[in-house]
Structure formats: structure tokens, C-alpha cells
1. Over region 86-244, what is the relative contact order in percent, taking alpha-carbon pairs closer than 8 angstrom and at least six residues apart?
2. Quick one: go through region 180-205 and flag any residue whose amide nitrogen is under 14 Å from the point 7 Å out along the Cα-to-Cβ line of ARG240.
3. When only C-alpha pairs under 8 Å and at least 6 residues apart count, what is the relative contact order of region 177-278, in percent?
4. When only Cα pairs under 8 Å and 6 or more residues apart are kept, what is the percent relative contact order across the chain?
5. Classify region 212-291 as rounded, prolate or oblate from the Cα gyration tensor: take a ≥ b ≥ c as the square roots of its eigenvalues, call it rounded if a/c is under 1.5, otherwise prolate when a/b beats b/c and oblate if not.
6. What does the C-alpha gyration tensor say about the overall shape of the chain? Classify as rounded when a/c is under 1.5, otherwise prolate if a/b is larger than b/c, or oblate.
7. Which distance in Å, rounded to a whole number, links the C-alpha centroids of region 72-145 and region 162-184?
8. Taking springs between alpha-carbon atoms closer than 10 angstrom, which of ASN216, ASN78, ASN135 fluctuates most in the Gaussian network model of the chain?
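What follows draws every value from the coordinates through simple rules; no lab data is involved. The shown structure was predicted, so the numbers you read here are calculated from the model rather than taken from an experiment. No Cβ is skipped: glycine too gets one built from the backbone with ideal geometry, and neighbour counts run over all protein chains shown.
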Amino acid sequence: MVASIVSTVNMKGGVGKTTLTVNLATCLAKYYQKRVLVLDLDSQISATLSLMSPHDFAKTRKKRRTLSYLIDNIIQPNPHSKLEIFDIICPGICDIEGLELLPGDIELYDEYLVSEMLHQQASQSQDINFEAIWNRFESSLIKQILEPALDEYDFIILDCAPGYNLLTRSGIAASNFYLLPARPEPLSIVGMQLLERRIAKLKESHKASADPLTINLIGVVFILSGGGLLSRYYNQVMRRVQSDFQPEQIFTQSIPMDVNVAKAVDTFMPVVTAMPNTQGSKAFVKLTEEFLQKVAQYG
């Protein structure tokens, strides 16, 4: 089977995007025997450091075995390049069979070199304008990187950067599905609304291409950041979100406030591995079951 590619994305940071990515990926591999690749598209490398220690990452980066190497080889092709995607992917992450990581980097690509390359292509073409060339590069970059690995996995989960940079757009363009993590807070909702508009615009801009976007929303996942007196307020905000989406587009399973989810970051492991009996871990296991049911509905 060809892997299903899933982007975890929200325009706003701090909504639990990386937490959702690494725990969902771990549950899929650990409890459902799926082969899963996590791809870190965020220069903050939060997903990478949630799955490997800073020491191991430093050694990996020193050997240039990060996503940056693969991007550089597309922007400035080098016939002498020796590393391919399988040389960079780290297998057996957290000693879990089937869970693998394509590490990110704090310097993923040079914006000047990308712009220079695309302007050069535009100047050499009389039939294609710069916007079309940009759209083609944007839609193909992450697809091109992942293409050799698609037959090796059941799921490839992309941890996208907040905002709307080149790699986030390219990750969305490469994906079959996207997950929308959200905290029940007004700014998180604004981030969701912005994302929905931009995905619609991205689809429109690629409509005329040979490979139009067919990405579908798997669902909104609420990741709570408080309780007690905040519960009533959170419920009000969640009802506002529920009015903006179809019922089937919102996960019934939310992730409760659990300090152990945050503590797990200090162990450089997902909470479902570091502390499997906690409330947060059990919620992620149930969420994963619901995720698989939603994916299955798309055949």
C-alpha cells in the first residue's frame, strides 16, 4: 500500500500540534502495528526533540542526516550526493518497531537560493510565468522528497510549522489528509479559520495544474490547557468551533489537561511511551482508534 500522508497544522503555535503528531504516530506503531514515518517540517525541531535526545540530534546533524540535506539537493542538485532518504531516516525510534523519524533541522533551507532558482527558471521559460513555476515547486518539493518512501509506510505524518511558510504549504500540498489541533481559546480558533481559508486558496491556485490538491480534513482535535473554573469558558469556545464544522469533522475524543504530557517532553519521548498509564496517554490511544475509523471512511 502507498502511505497516507497526514499534515498536522494550525496557523497558530502552541496549540499542541507536535504533541498530537508524535503521540498519534507512536500509538499507530505501538498499538496498531502500523509503519509510521514522522517528518519534522518545523525549524523549531520540536517533533525531532520529542523523539530523540539533543545529544543524538547533534550527532545526526553533524553527519548532515536531516531534512535539510534532502531539500538542499533539490534546490542545488549535486551529482556527487551520497545520501538518500533511507540514509537519513532514523528507524526504531523510542525502541518501537515501525516508528521512524526523518529529523528536521534548525536551518531547513535558504530562501534566497530558492527565489534565485525559481527566478532563473522563469527567465528561461517563455511559456510559464513565475507564479506558475512557484506553484509547481511548492506542490512538488515535499512530494519529491517522500516519493521513494511511500511504499514503505502506512502513514507519513508531517509536523508542520505554525504560520504559512513554504514547507507548510508544500507539506499540505503533498498530503491526503490534515489534522487540526486546537485549544479552546479565541486565538486558536482564529488560526483554524485562517488555515481553512488558505487551504481553500491553495486548492484554487493549484486547480489548473496537472496534479490538483485533493487534501481532506480528518478532523479537529481539542487539546485542553486548563480546567476547573475554565471549563465553562472552554465549553463555550468549543461550541463556537462545533458551529463552524460538520459533526463528523470534530473528534469526539479530546486530550485532557495532564501535566504528564508536558513532563514527557523532558524524557525526549512521547507520553504514551514514557508514561503509558496516565490520563493523557489513554486519551491518545482512544484518539488513535477514532483516527483510523475516520481514515477508513475515505476508503
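1. Values: 123 pairs, mean separation 27.7, N = 159.
Reported as a whole number, the value is 17 percent.
2. 183-194
3. Values: 96 pairs, mean separation 30.2, N = 102.
30 percent.
4. On the way: 508 pairs, mean separation 81.3, N = 299.
Reported relative contact order: 27 percent.
5. Numbers: a/c = 2.36, a/b = 1.29, b/c = 1.83.
It comes out oblate by the Cα gyration axes.
6. Values: a/c = 1.84, a/b = 1.30, b/c = 1.41.
Oblate.
7. Their Cα centres are 17 Å away from one another.
8. Maximum fluctuation in the GNM of the chain, among the listed residues, is at ASN78.
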